[in-house]
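Asks: Have a look at this one before I ask anything.
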């Protein structure tokens, strides 16, 4: 069975986001093997300097590197990424499956983003919107899109 | 005080979406006058024909027309709309305020969209993403963006 891994940084705090994430993860698990990995968010001072932010992202990056499954197709969510429709994302995942890869890994960074080193490792950079969403809400959006992508591939009616 | 009205079609069912919407509405009310109006969703058969969908959207459209505040700047959320960054949306709302309008009205349609007649009435067509999101999740995304837009204008730290 194809495995999708979602790596996120920092714990969800709002109860409604925790419940929404649980719901979409449950649905997703009906269509593929799904793993969610949480990386600890670096603690930064209130008004961090660029150097402090960069050091924080590098520290998160070290943890992330250890968690990307071996041989996985690796996709980072980042504002400078390419936009795809839901159908195009489903097609992309279908292509990865056809190429023989057995897993795909998606990464949502912390509120300060993702280190350049990690971005350089990505097979694909994906942007959901030119708008800035809090990374907690972005997690729900990604989970919904992954569920939608798997539904499209399974030919279910959900996505219509 | 500037008034923002959000018109949506159909009630939220999932508890986590209800809680998330309440939270962002509460925050938004700290920065502007905010009204939320719910229009009844047309009941359609399981596999509706294009004519049935069109009739349903027209019926919703009649209710929507009665609810758009007089003189409001009217914006519909639709996939063929223009994409804006959060900063550009904040700027757009700031411009509306400067132009002397005292209210803006945003519309999220039902799962089948928005009738052409209503789209033609819009001052602006906005797209958040080329991806398809369920309209319930889109409501949370719009509320968050409206809160973010007001925060940017208020110079608060939220949006960073």
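Throughout, read-outs are computed from the coordinates displayed, never taken from laboratory work. Note that this is a predicted model, so its numbers are computed, not measured. Note that each Cβ is placed from the backbone with ideal geometry, even for glycine, and that neighbours are counted across all protein chains shown.
Asks: What is the spin-label model distance, in nm, from residue B:125 to residue B:51 if the labels are put 7 Å beyond Cα along the C-beta direction?
Replies: 2.6
Asks: Okay, moving on. Counting only other chains, what is the mean number of Cβ atoms within 10 angstrom of the Cβ of each residue in peptide B:17-26? Numbers along the way, then the final one.
Replies: Working: counts 5, 1, 6, 8, 1, 1, 4, 1, 0, 0.
Averaged over the peptide's residues, the number is 3.
Asks: Could you tell me the distance between the Cα centroids of the range B:4-27 and the range B:77-109, to the nearest Å?
Replies: 19
Asks: Measure off 7 Å from each Cα along the Cα-to-Cβ vector at residue A:102 and residue B:92, then give the distance between these two points in nanometres to one decimal.
Replies: 4.7
Asks: How tilted is helix A:50-67 with respect to the longest principal axis of chain A? Cα atoms for both, answer in degrees (0 to 90, nearest 10).
Replies: So the inclination is approximately 40 degrees.
Asks: Something else now. Round to the nearest 10 and give me the degree value, 0 to 90, for the angle of helix A:86-98's Cα axis relative to the longest principal axis of chain A.
Replies: 80
Asks: Calculate, in nm to one decimal, what residue A:70 and residue A:3 gain on full extension: separation in residues at 0.36 nm each, minus their alpha carbon distance. Don't skip to the answer; put the middle values down first.
Replies: On the way: separation 67, 0.36 × 67 = 24.12 nm, distance 1.18 nm.
Taking residue A:70 through residue A:3 to full extension adds about 22.9 nm, to one decimal.
Asks: Counting pairwise Cα distances across chain B, what percent come out greater than 21 angstrom?
Replies: 45
Asks: Here's something else I'd like to know. To one decimal in nm, how far is residue B:44 from the same spot in the other copies, if labels go 7 Å from Cα toward Cβ? Please give the shortest first.
Replies: Nearest to farthest, the other copies are at 4.4 nm.
Asks: Ok, one more. I need the inter-copy label distances for residue B:22: point set 7 Å along Cα to C-beta, values in nm with one decimal, smallest first.
Replies: Distances between equivalent label points, in nm: 1.7.
Asks: Could you work out how far helix B:15-29 tilts from the main Cα principal axis of chain B, as a 0 to 90 degree angle to the nearest 10?
Replies: 40
Asks: Other chains near B:126-138: what is the mean number of their Cβ atoms within 10 Å of each residue's Cβ? Present the calculation step by step, with values, prior to reporting the outcome.
Replies: Working: counts 1, 2, 6, 12, 10, 16, 9, 8, 4, 0, 1, 7, 1.
The per-residue average across the peptide is 6.
Asks: Give me the one-decimal nm value for the distance between modelled label points at residue A:85 and residue A:117, 7 Å along each residue's Cα-to-Cβ direction.
Replies: 3.9
Asks: Of A:61, A:71, A:100, which has the largest mean-square fluctuation in a 10 Å C-alpha GNM of chain A?
Replies: Checking each option, the largest mean-square fluctuation is seen for A:100.
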